[in-house]
Structure formats: structure tokens, C-alpha cells
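The values are calculated or read from the model by the stated rules, or taken from the named source; none is laboratory data. No experiment lies behind these values; they were computed from the predicted model shown. When we count neighbours, we look across all protein chains shown, and the Cβ atoms used for this are built from the backbone with ideal geometry, even at glycine.
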């Protein structure tokens, strides 16, 4: 992989994981698109930095509850609803009584059912309560690191679970992890964890990975693998788990934020 192609992956990651369009719309072959996942933590860092900046302004105007609700809404908009759609589609697919082909068909339909609504409510409610509960001295670090670590979890999920379909996003990601994307994403995520919470940040990284892997594992057992929707659901769950892990660590006195800007 050339240096220019590798660095260009950062733009692909941002343009895929956010509605931001930094250049005219382009198309990529599956390999190039998949290799960009090495930069997914960077895209999460961009989202987290925007959240932290918004939080500074909202904190001066509103109590913690309404401010957190607006941050949740902002994150959903900044993510283009991509991962929340994955939560809903995955929940609907897994709730279907039938074989894997029937479940995959329901997930492809894109219409939301009762299971999808319930999953979205639970994820968003937990996300809101976690953000609202973050103490002032750890808010910046937590808002920055959780979106980055959550998007990194695409790497371990892709490494451990085969795609459910022969084509599509899940297959492309699984094929593009090596030799650089997965190691680079992991190194980048680890650095962000260390910068924000020191050595304890690595525990947050592990917690995010566990949340994503449990989600992907449950889906893979019923679908015979993972899809793009499952990756999205895993990211959302990992993000919530990361914030909950931060809260638990702070409450128990295990964590101290390093980044307190």
C-alpha cells in the first residue's frame, strides 16, 4: 500500500462514518474502502472533539440532562444515523423466528419493527444517562475517547467473525484488515486511550471491545456471520459500554482523566 493511498484512507473513513464531505463524491474498490478502517478511530476522534466543543457551550446554558440530550442528538446527526440504523436492523433481524436467510432478508428490508424500536430506545437512553452523569473534570476526555474506541472495535470484530454474506460491507471489511488496517487502528486507539485516561484507558479499550464482541457474537451465532448492520450495532454498544466503564472507574476511584482541557 502506498503512503498516499494509506493517508487517503483518513478521508474515506471520515466521509463514510460522518455526513462530512471533504471532496467530490468518489467510489472505491472494496479493498481500498476496507483498508480505510485503520483510520476509524481517527474519525471517532473527530466526532468526539466536536462533542467536547459543543459540551463546553451547552454547559454554560443548560443543566446536565438537557445538555446531554442535545449531545446525543448531535452525535446521531454527526454519524448520519449509520450505526443507529445498524442497531435497529440487527435487533429486528435477530428477533425473527426463522432461519438465517429469513433474518438476513429482514435486515436488508430496512424497515424498523418493535424489536428495533426497543433496541434504539435502550441504547439512546443509556447513552443519554451516561453522558449526563459524567463529572466535569472527566467530560472532555470521556466525550473524546468513547467514540474513537467504539469505531476501533470494527477491527477486532472483523478479525474474529466471518462475514454473513459473500459480498457487502461485512465481507469487504473482513478482507481488508491486513497487513496494516487492523494493527494501525489498534495502535491509534491505544494511544488515544492512554492520552485521555493514562494506563487505565486501556481498560476502557478492553471494555469497548468486549461490548462489541458480545454483540457481534450473538448476531453471528444466529446469522452465520456479521454484516454491515452488525458492525454498526457493535459500534453503538461499544460506545455506550465505554462511557459506562469510564463512569464506573471514576466512581470507584480507579480512573483519573489525564486530558482535562
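Is at least one residue of region 68-84 in contact (Cβ under 8 Å) with a residue 12 or more places away in the chain and either over 20 Å from the mean Cα position of the chain (by Cα) or not in a helix (DSSP H, G or I) (or both)?
Checked region 68-84: at least one residue is in contact (Cβ under 8 Å) with a residue 12 or more places away in the chain and either over 20 Å from the mean Cα position of the chain (by Cα) or not in a helix (DSSP H, G or I) (or both).
Residue check, residue 71 against (1) at pLDDT below 95; (2) within 23 Å of residue 16 (Cβ to Cβ), all met but one. Which one?
(1)
Looking at this structure, is residue 147 within 29 Å of residue 7 (Cβ to Cβ) and at pLDDT 95 or above?
yes
Looking only at residues in region 133-168 that are more than 19 Å from the chain's Cα centre (by Cα) and part of a helix (DSSP H, G or I), which one is surrounded by the most Cβ atoms within 10 Å (Cβ to Cβ)?
Per the stated criteria, the residue is 138.
Of these, 182, 193, 220, 208, which one is assigned to a helix (DSSP H, G or I), in contact (Cβ under 8 Å) with a residue 40 or more places away in the chain, over 18 Å from residue 48 (Cα atoms) and touching a helix residue (DSSP H, G or I) at 6+ places or on another chain (Cβ under 7 Å)?
Result of the check over 182, 193, 220, 208: 182.
Just checking, which of 202, 177, 213 is farther than 28 Å from residue 119 by Cβ and out of contact with any strand residue (DSSP E or B) (no Cβ under 6 Å at 6 or more places or on another chain)?
Selected residue: 202, the only one of 202, 177, 213 that is farther than 28 Å from residue 119 by Cβ and out of contact with any strand residue (DSSP E or B) (no Cβ under 6 Å at 6 or more places or on another chain).
Answer with yes or no whether residue 198 is modelled with pLDDT under 95 and out of contact with any helix residue (DSSP H, G or I) (no Cβ under 7 Å at 6 or more places or on another chain).
Considered against the rule, which asks whether it is modelled with pLDDT under 95 and out of contact with any helix residue (DSSP H, G or I) (no Cβ under 7 Å at 6 or more places or on another chain), residue 198 comes out as no.
Please determine whether any residue of region 82-93 is surrounded by fewer than 20 Cβ atoms within 10 Å (Cβ to Cβ) and modelled with pLDDT of 85 or more.
Yes, region 82-93 contains at least one residue that is surrounded by fewer than 20 Cβ atoms within 10 Å (Cβ to Cβ) and modelled with pLDDT of 85 or more.
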